[in-house]
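Undergrad: Dropping a structure here in structure tokens format, bear with me for questions.
Throughout, read-outs are computed from the coordinates displayed, never taken from laboratory work. Not measured: the values here are computed from a predicted model. For neighbour counting, all protein chains shown are included, and Cβ atoms are generated from backbone atoms with ideal geometry for every residue, glycine included.
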Amino acid sequence: MMECIVCHCRVSPIDYGLSMSVWKLVTKVCSQECLKQWLLTPLPLVLKKDRAVYICKAIHFRGFKSIAEEKLAKWLLKNDIPYSFEEYVLIFEGKKMYMPDFYIKGHSFLELKGIPSVRALGKTLKAGRVLRLEILTYSQLKRFGIL
Ligand SMILES: [Zn+2]
């Protein structure tokens, strides 16, 4: 809970200005180096087989919505972390759609948020029950020197 998932050093939500409810949901790493190691760890994308959730190719690339997304993309590229941006759409029960920001090949989907609230993360959390989904905040990336 309070440890970096890679190096096990102490990390605290206070360091990132995050509430405990949001902290429970974010990827707990302590640095750029640990984030890199984590995203390069091969892990299964599907956590649980669920016929109500489909992964589809997105129709077209819409471009980055924020400077933060663009900076994270550049960092992934620079660190040889294979990724794609908004390449996939997840469909729940044949109707509700959700497009995660990034797909990290061989690892997870990744959602980047400004100041997330649990309410705003609704679709992300739903997807996270069946697929590996990392959540990162601007405050984490700022502290790591990526933003
Ligand atoms: Zn660490």
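Undergrad: Within a Cβ distance under 14 Å of residue 48, other residues only, what is the Lys/Arg minus Asp/Glu net charge?
TA: +4
Undergrad: Over the chain, with a Gaussian network built from C-alpha contacts below 10 Å, which listed residue (102, 92, 61) shows the highest mean-square fluctuation?
TA: Among 102, 92, 61, the largest GNM mean-square fluctuation belongs to 61.
Undergrad: So, how do all the Cα-to-Cα distances of the range 87-131 break down into 5 Å bins, in percent, from 0 on up?
TA: Each 5 Å bin holds this share of Cα pairs: 5, 20, 32, 27, 14, 3.
Undergrad: Would you mind calculating the relative contact order of the chain from Cα pairs under 8 angstrom and at least 6 residues apart, reporting the percent as a whole number?
TA: 27
Undergrad: So, one more: Pop out the ³J(HN,Hα) list for the range 138-145 in order, Karplus 6.51 cos²θ - 1.76 cosθ + 1.60 with θ = phi - 60°, rounded to Hz; leave Gly and Pro as x.
TA: 4, 4, 5, 5, 5, 5, 7, x
Undergrad: With charges only on Cβ, +1 for K and R and -1 for D and E, what is the dipole size of the chain about its Cα centre, in debye, rounded to 20?
TA: So the magnitude is around 380 debye.
Undergrad: Measure nothing fancy, just the Cα-based angle from helix 67-78's long axis to the longest principal axis of the chain, in degrees from 0 to 90, nearest 10.
TA: 80
Undergrad: Further question on the same structure: Evaluate Rg over Rh across the range 2-144, taking Cα atoms for both radii and Kirkwood's formula for Rh.
TA: Checking Rg against Rh, the ratio lands at 0.94.
Undergrad: Could you give the dipole magnitude of the range 1-73 about its Cα centre, charging the beta-carbon of Lys and Arg +1 and that of Asp and Glu -1, in debye to the nearest 20?
TA: So the magnitude is around 360 debye.
Undergrad: Give me, ordered by chain and number, the residues 5 or more places off residue 147 or on other chains with an amide H under 5 Å from its own placed amide H.
TA: 142
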